[in-house]
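Asker: Structure below; questions to follow.
The values are calculated or read from the model by the stated rules, or taken from the named source; none is laboratory data. Quick caveat: nothing in here was measured; it's all calculated off a predicted structure. A quick note on method: Cβ atoms are made from the backbone with ideal geometry, for glycine too, and the neighbour counts reach across all protein chains shown. Remember, those area values only see protein heavy atoms, side chains included, never the ligands or the DNA or RNA. Shrake-Rupley method; radii C 1.70, N 1.55, O 1.52, S 1.80 Å.
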Amino acid sequence: MKFNVEIKICGINSYQSAKASIGAEYIGFVFYPKSPRFLNAFDAKEIASHLNPAQKKVGLFVNADINVIKYISDFVNLDIVQLHGDENINDIKSVKDMIKKPVIKALSISSHKDIENSKKIEEVCDMLLFDAKNSEGISGGTGLSFDWNLLKNI
């Protein structure tokens, strides 16, 4: 089996970190105010203006209002939106319909049940991102890993 490996570096919040990520295909900006890597739309737009045009700009949102997602997506000229909260299938469809861009849905994984549930969501997303489930309710970027053996049949 041959894999196509692409790299996404998320949490870019300075020109220096963007410059250091020059080889990555995807650059992620976190628009979640509770994150230590939060970036406002104005700074994201400025940093994005210095990126290699081949790099895709990904905006990460956690349970954000659809109008906020649309505004930031247009303002920063994001290529992809990543939903990293409790968004359900209807939420994902609404975002896709409104923004007209690919959507990544991040899913917290800790059991086979989580993998089974991902199959329903896979039908409405362009990409899935599997992340560790955190008992403290923190969404992503925790440095924790999940049991990758859960993905054997994916």
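Asker: Name the residues in the stretch 1-46 that are open to solvent by less than 70 Å² (accessible area, probe 1.4 Å) and among the basic types (Lys, Arg), would you?
Answerer: Passing the criteria: only LYS8.
Asker: Ok, one more. Taking only pairs six or more apart or across chains, which ones have beta-carbon atoms under 9 Å, a first residue in the stretch 68-96 that is within 13 Å of LEU107 (Cβ to Cβ), and a second residue that is acidic (Asp, Glu)?
Answerer: From the stretch 68-96, the pairs are LEU83/ASP91; HIS84/ASP131; GLY85/ASP91; ILE89/GLU123.
Asker: Where residues in the stretch 83-121 are surrounded by fewer than 14 Cβ atoms within 10 Å (Cβ to Cβ) and of a type in the set (Asp, Glu), which of them is farthest from LEU60 (Cα to Cα)?
Answerer: GLU116
Asker: Would you please name the residue that is most open to solvent (accessible area, probe 1.4 Å), looking only at residues in the stretch 122-134 that are aliphatic (A, V, I, L, M) and modelled with pLDDT of 80 or more?
Answerer: Step by step, filter the stretch 122-134, then rank; the result is MET127.
Asker: So which of LEU78, LEU51 is assigned to a loop (DSSP other than H, G, I, E, B), at pLDDT 95 or above and more than 16 Å from CYS125 (Cα to Cα)?
Answerer: It is LEU78.
Asker: Report yes if SER73 is outside any loop (DSSP other than H, G, I, E, B) and under 27 Å from ASN149 (Cα atoms), otherwise no.
Answerer: Taking the combined requirement at face value, the residue does not satisfy it.
Asker: Could you look through the stretch 47-82, keep only residues that are within 17 Å of SER21 (Cα to Cα) and among the basic types (Lys, Arg), and pick out the one that is surrounded by the most Cβ atoms within 10 Å (Cβ to Cβ)?
Answerer: That would be LYS57.
Asker: Same structure again: Within the stretch 1-47, can you find the residues that are of a type in the set (Phe, Trp, Tyr) and out of contact with any Gly (no Cβ under 6 Å at 6 or more places or on another chain)?
Answerer: PHE3, TYR15, TYR26, TYR32, PHE38, PHE42
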